[in-house]
Amino acid sequence: MFENLTQRLERTFRTLRGQGRLTEDNVKETLREVRMALLEADVVLPIVRDFIEQVKTRAIGQEVMQSLTPGQAMIQIVHEELITLMGEANEDLNLIARPPAVVLMAGLQGSGKTTTVAKLARFLRERRKKSVLVSSCDVHRPAAIDQLRTLASEVGCLFFPSTRKEDPVEIARNTLDYAKKQHVDVVILDTAGRLHIDPQMMEEIQKIHAAVQPIETLFVVDGMTGQDAVHSARAFHEALPLTGVILTKTDGDARGGAALSIRKITGKPIKFLGVGEKTDALEPFHPDRIASRILGMGDVLSLIEEASRKIDQTSAIQMVEKLKKGKGFDLEDLRDQMRQMRKMGGMAEIMDKMPGMSSLSSQMKGKMDEKDLVRTEAIINSMTPKERHFPDVIKGSRKRRIAAGSGTQVQDVNRLLKQFQSIQKMMKQMNKRGGIMNLLRSLGNQK
């Protein structure tokens, strides 16, 4: 997300840093580039105008002109104004209500609404320790109810059955009654979407809203639709008392204009980002962290939080102890680390959140095929325990057997062994300096 915008802004500010001091002329030139970058990112024009005016007012003031590092001061202003534009701070779900707290999901067809219901249910169950019941009031789309039933089973939450012959409002009421009897903490209601906004759709969801009085009414929108996402958000905002927005498919959106526009247009916060297809690919929206990512500063806090959730703490501590005792890093360790990396979305996803690596990660994404990780793991799995611990014994006949067992070529096995030698050398150097042990120990202490 934001790759194009980040690259454009990084080029602009790199030029600005080379200036000895700021003048009105180079401030105007910089803001012209920022304006073009935002427009190319599909940010709504009136919002771009207001944003540039705010930055300009501050940039030609004393705080920048008298700064010893005017380029850095300018970047700081843009960073702060981006945060203001997107909403200052993360706004969590408001679940302070007599159980069950009802969350109503609205949006157009194709926005990923049903999948997002499951993602949110998993988020609440795993991170908020809530019992969750989901139900589908979508009697229009074929298989919508079955899809949600399957997803509910996958994420381990309760599912209230319904049929396409029932009235959506009655489904909502019956779901709520059932949740009260079962003492469920949160009910999430999936509603029907359409390919476009129409009066019948709005009337139906307004009736459901009136029947269950949800504490949260969330608009789910496909971030890749750019300004269309903003226009549909405005229409739903006018029809329903929205409390927040969930922006989906942001992992495939290189522009990010919707994220920068929706808060200003609707006055409602973006509460979550959908960052992938899997049911754990839902992130709370933090404006300050997103602003840092846009400006190429990374998002270390999110990276640490993700590592503390997804990395096997016991495995990390065992690795520290193993290195302490002077035992080498072997192919079994490499396989374990690759599995941990895949849990966190792969190397490209990790690099995207590391300071200064955003532009590099966009260049490497095409080269860093996640299938390579799967192929490498298959090769290691085809080895015997002795071969994993002592890869020097892997010669001609062993290489052929490993290649045949993993469905690869001998050249692939040779490539892995060569790469492993480089990794092993690097690990030894880091271990001498205490680097890898400090890193793994810090991950082990996150909880």
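Can F236 be described as under 27 Å from the mean Cα position of the chain (by Cα), in a helix (DSSP H, G or I) and either surrounded by fewer than 17 Cβ atoms within 10 Å (Cβ to Cβ) or at pLDDT 85 or above (or both)? Spelling it out, F236 is indeed under 27 Å from the mean Cα position of the chain (by Cα), in a helix (DSSP H, G or I) and either surrounded by fewer than 17 Cβ atoms within 10 Å (Cβ to Cβ) or at pLDDT 85 or above (or both).
Applying the condition of being surrounded by fewer than 16 Cβ atoms within 10 Å (Cβ to Cβ) and at pLDDT 85 or above to region 81-95 and asking which residue is farthest from S135 (Cα to Cα) yields T84.
Note on region 96-114: residues that are buried (at least 21 other Cβ atoms within 10 Å of the Cβ) and either under 21 Å from E238 (Cα atoms) or among the β-branched types (V, I, T) (or both) total 10. Condition check for S131 on (1) touching a His at 6+ places or on another chain (Cβ under 8 Å); (2) at pLDDT below 85: one failure, at (2). Within region 149-157, is there a residue that is over 25 Å from the mean Cα position of the chain (by Cα) and either basic (K, R) or more than 22 Å from L240 (Cβ to Cβ) (or both)? No, region 149-157 contains no residue that is over 25 Å from the mean Cα position of the chain (by Cα) and either basic (K, R) or more than 22 Å from L240 (Cβ to Cβ) (or both). Checked against (1) closer than 21 Å to L108 by Cα; (2) surrounded by 21 or more Cβ atoms within 10 Å (Cβ to Cβ); (3) among the aliphatic types (A, V, I, L, M), V184 meets all criteria but (1). Going by the structure shown, is K129 within 24 Å of the chain's Cα centre (by Cα) and surrounded by fewer than 19 Cβ atoms within 10 Å (Cβ to Cβ)? Criteria met by K129. Apart from one condition, D190 fits all of (1) modelled with pLDDT under 85; (2) within 30 Å of the chain's Cα centre (by Cα); the exception is (1). Pairs are defined by a Cβ separation below 6 Å, a sequence spacing of at least 6 or placement on different chains, a first member in region 84-108 that is assigned to a loop (DSSP other than H, G, I, E, B), and a second member that is among the hydroxyl-bearing types (S, T, Y); the pairs so defined are L108/S232. Would you check if R122 is exposed (fewer than 14 other Cβ atoms within 10 Å of the Cβ) and under 22 Å from the mean Cα position of the chain (by Cα)? For R122, the condition - exposed (fewer than 14 other Cβ atoms within 10 Å of the Cβ) and under 22 Å from the mean Cα position of the chain (by Cα) - is not met.
None of K180, K165 is part of a helix (DSSP H, G or I), on the phi < 0 side of the Ramachandran plot and basic (K, R) except K180.
Residues in region 365-387 that are surrounded by 13 or more Cβ atoms within 10 Å (Cβ to Cβ) and modelled with pLDDT under 90: K365, M368, E370, D372, L373, R375, T376, E377.
Scanning region 198-222 for residues that are assigned to a helix (DSSP H, G or I) and β-branched (V, I, T) yields I205, I208, V212. Determine which member of the set A233, A229, A259 is more than 21 Å from I294 (Cα to Cα), in contact with a helix residue (DSSP H, G or I) (Cβ under 7 Å, 6 or more places away or on another chain) and in contact (Cβ under 8 Å) with a residue 12 or more places away in the chain. Exactly one residue qualifies, and that residue is A233. Counting the residues of region 29-48 that are assigned to a helix (DSSP H, G or I), of a type in the set (D, E, K, R) and in contact with a helix residue (DSSP H, G or I) (Cβ under 8 Å, 6 or more places away or on another chain) gives 3. On the given criteria, is R401 farther than 17 Å from E332 by Cα, assigned to a helix (DSSP H, G or I) and of a type in the set (D, E, K, R)? Considered against the rule, which asks whether it is farther than 17 Å from E332 by Cα, assigned to a helix (DSSP H, G or I) and of a type in the set (D, E, K, R), R401 comes out as yes. Just one of the numbered conditions (1) surrounded by fewer than 13 Cβ atoms within 10 Å (Cβ to Cβ); (2) more than 17 Å from L104 (Cβ to Cβ); (3) more than 28 Å from the chain's Cα centre (by Cα) is not true of A143: (3).
The values are calculated or read from the model by the stated rules, or taken from the named source; none is laboratory data. What you are looking at is a predicted structure, and each value in this text was computed from that prediction instead of being measured. Ideal geometry is used to build each Cβ from the backbone, glycine not excepted, and the neighbour counts take in all protein chains shown.
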